[in-house]
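The values are calculated or read from the model by the stated rules, or taken from the named source; none is laboratory data. Given the structure is predicted, the values throughout are model-derived calculations rather than measurements. Methodologically, a virtual Cβ is constructed for each residue, glycine included, from the backbone with ideal geometry; neighbour enumeration extends over all protein chains shown. Protein only, heavy atoms only, side chains kept; ligands, DNA and RNA dropped before computing areas. Shrake-Rupley method; radii C 1.70, N 1.55, O 1.52, S 1.80 Å.
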Amino acid sequence: MRDLILILGDQLAHDHPALLEADPAQDRVLLIEAPGEATHVWSHKARIALFLAAMRHHAQALRAAGWQVHHIALDDPTHATEPTLAGRLAATLRTLRPARLRVMEAGAWRLARDIEATALTEGVPLTWMHDPHFLCSRADFAKWAARKRELRMEWFYRWMRQRHHVLLDASGEPEGGQWNFDEDNRAPYPKQGPGLIPPPAHFAPDALTQDVIALVEARFPNHPGSLAHFGWPVTRAQALQALDTFIQTRLSGFGRHQDAMWEATPFGWHSLLSAALNLHLLHPREVIAAAEAAWREGRAELASTEGFIRQVLGWREFIRGVYWLDMPDLAEANHLRAEGDLPAFFWTGDTDMACLRDALRQTLDHGYAHHIQRLMVLGLYGLLAGVRPQAVSDWFLAIYVDAVEWVELPNVAGMALYANGGRFTSKPYAASGAYIQRMSNHCRGCRYDPKQRSGPDACPYTALYWDFLARHEAELAASPRTALMVRNLQRLSADEKRAIHETALQWMPRPTGETPA
Ligand code: FAD
Ligand code: SF4
């Protein structure tokens, strides 16, 4: 054998660069299902099932296209004693003795190091290949970042729009005369509710996916989450159909209510395309082109289209660039010195905070929550309650079907928890229950009152918010972006601050992960 091409579970691209150069007669493809990847964080059953089902469909498609595929199944008896991907790779290198191992850039720093170490130990030369499923390479991002005093997504996004000629007019100016329609994209739902939202694409599991679901239920019975609602795209054809459904029926409503939340409305107008993008079943270029074409053909408003494109061309690429720039330090970052453990109810949804319960329950049902739920409900709790960033990050990595470390970690540590000290956000995303009240209907049915800062009926978010300001007063007062928040705190009497602190303490996790309340 000449080359062994290792395809990782999030690299299921039909146009994988190694395959474009390979020869089916002398090269072989390797896919490894490793139980260790499902247990190194306590993964949601739907996340495990999605990766396995997509890998098995991909292996089938590769074989049909004439490739020799060496696919190590999860319960392969010859690998029973090696749960890790590295262990299974090492054993395979020893058996197959390829002249070379070829791998596309991995999505996790840890995995890349493991693969390098394994190839070295086994004496097989390793070639890393550039991942063409991103529109900004790691090297180009590093060059862009080196020219900047501060890393700000908005400047990166404008640069990417120009570089890739996205939503520009004939003279190279942004369509609609502005780069960013964020102001138009922050409306809550109307008081009477979101109304009828066209449903996202849902794919009934075929026989192969049903087998995977049964395997996951049997093999990982105690893992969190449900498989009852599993309908994620697991092939490229399904991913293309999911993209088409979104563009035809949901893009038009995406922008305006992008930040809105409503009880029992898990998906809103969101695209649900992150998992298909992260598994490389879709290329970001085709997603962006489809959205832009919809606007040019008059099928979607500019504000919605720009809002959506900003997420994919801006945030997604930016986050990936930051991850590779800042690893491995990012994984250890803890700027605010938060030391609490994750409350146990994050794994069960068993809390009487209505907003958090709704976000947790849909997460357990679907392995999905939209951005504002992740940032301003789930992440916000971690920030305000002082939960250790690594504990929050492990939970996010485990619980979402789209979780791969390159995208999960910067969002959690950098955006939600301010653990990297504002490397790419100008201030912590700290807010009280008033924000959640404005953007959702959750507070109407909640036993707490978002306006109360202390006492038995005080909203935990509100109490924790004011206590957070007090705990970090010196740092927040020194920044012009947060000084106003602190001035409001300074108007409170010492007695009120003490009462707030006592209330907040009930919601701050102990090392066991339990909150006293
Ligand atoms: P839409 O709202 O429809 O957005 C369209 C696309 O834009 C998404 O599919 C996604 O590919 C991209 N996108 C949007 N925001 C971001 C962002 N901040 N970073 C990167 N890409 C973005 N996204 C993941 O893919 N995996 C994760 O593990 C993940 N963890 C997150 C953790 C936290 C604390 C936060 C605040 C955000 C996280 N995100 C993550 C980003 C974002 O929340 C999800 O991409 C989005 O909710 C996925 O749903 P969607 O496909 O319906 O997105
Ligand atoms: Fe959430 Fe507080 Fe509103 Fe209850 S009152 S739903 S805990 S923000």
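Quick notes on this structure:
- Debye log10 I(q)/I(0) for the range 345-457, one point scatterer per Cα, at q = 0.21 Å⁻¹: -1.22
- You can think of it this way: the chain between H202 and R97 has 33.6 nm of extra reach, that is 0.36 nm per residue less the Cα-Cα gap.
- Structural size metrics of the range 335-383, computed from C-alpha coordinates, are Rg and Dmax of 11.0, 33 Å.
- Among the listed pairs K427/K451; K148/K427; K191/K451; K143/K427; K45/K191, those beyond 27 Å (Cα-Cα): K45/K191
- Hz values of 3J(HN,Hα) by residue in the range 266-274 - Karplus curve (6.51, -1.76, 1.60), Gly and Pro given as x: x, 10, x, 9, 5, 7, 6, 9, 4
- A474-K148 FRET efficiency (beta carbon distance; Förster radius 30 Å; 0.05 resolution): 0.65
- Spread of Cα-to-Cα distances over 5 Å intervals beginning at zero, given as percent, for the range 196-325: 2, 10, 17, 19, 19, 15, 11, 6, 2, 1
- Estimated from the Cβ-Cβ distance and a Förster radius of 35 angstrom, the FRET efficiency linking T127 and Q162 is about 0.60.
- Along each principal axis, Cα extent of the range 297-369, largest first, Å: 49, 34, 20
- Long-range HN-HN contacts of T127 with modeled amide H, under 5 Å: L101, R102, V103
- Estimated distance in nm for a label pair at A494 and D169, the labels positioned 7 Å out from Cα along Cα-to-Cβ: 6.2
- Rounded, prolate or oblate (a/c below 1.5 giving rounded, otherwise prolate when a/b exceeds b/c) for the range 127-182 by Cα gyration tensor: oblate
- Cα-Cα separations in the range 191-259 greater than 20 Å, expressed as whole percent: 48
- Alpha-carbon centroid distance for the pair the range 67-86 / the range 416-449, whole angstrom: 43
- Solvent exposure of the chain, expressed per residue, is 40 Å² of accessible area, with all protein chains present and a 1.4 angstrom probe.
- If you look at the Cα atoms of the range 369-419, you get an Rg and a Dmax of 9.5, 26 Å.
- Taking the alpha carbon gyration tensor of the range 444-487, multiplying each eigenvalue by 5 and rooting it gives semi-axes of 25, 10, 6 Å, largest first.
- Per-peptide average of other Cβ atoms within 10 Å, ordering 375-385, 480-490, 309-319, 12-22 highest first: 375-385, 309-319, 12-22, 480-490
- Rounded to whole Å, sorted largest first: equivalent-ellipsoid semi-axes of the range 97-251, Cα gyration tensor: 35, 32, 16
- Pairwise FRET efficiency - H229 versus D76, Cβ, R0 = 41 Å, nearest 0.05: 0.90
- Apportionment of accessible area to carbon and sulfur, the chain, percent (1.4 Å): 52
- Contact order normalised by residue count of the range 1-112, Cα under 8 Å, 6+ apart, percent: 44
- Computed on the range 78-128, the Cα convex hull volume stands at 73 Å³ per residue.
- The value of relative contact order for the range 368-484, using C-alpha pairs under 8 Å at least six residues apart, is 20 percent.
- Sequence-separation-based contact order of the range 218-358, relative, with Cα cut under 8 Å and 6+ spacing, percent: 24
- Sites matching chymotrypsin sites (Phe, Trp or Tyr not before Pro) across the range 209-264 that sit in DSSP coil, with at most 10 neighbouring C-beta atoms within 10 Å: none
- The orientation-averaged shadow of the Cα convex hull for the chain, equal to a quarter of the hull surface, comes to 24.8 nm².
- Per DSSP, loop GluC sites (Glu not before Pro) in the range 426-517 with at most 13 further Cβ within 10 Å: E514
- Two-decimal log10 I(q)/I(0) for the range 263-406, as the Debye equation yields it once each C-alpha is a single scatterer, q = 0.10, 0.15 Å⁻¹: -0.41, -0.88
- For the range 51-95, alpha-carbon Rg relative to the globular expectation (2.2 N^0.38 Å, N residues): 1.24
- Where labels lie 7 Å past Cα in the beta-carbon direction, separation of L240 and R110 in nm: 3.6
- The range 12-107: Cα Rg divided by the 2.2 N^0.38 Å rule of thumb: 1.10
- Long-range amide H partners of G255 with built H, under 5 Å: S304
- Cα-Cα P(r), the range 376-517, percent of pairs per 10 Å interval: 12, 39, 38, 11, 1
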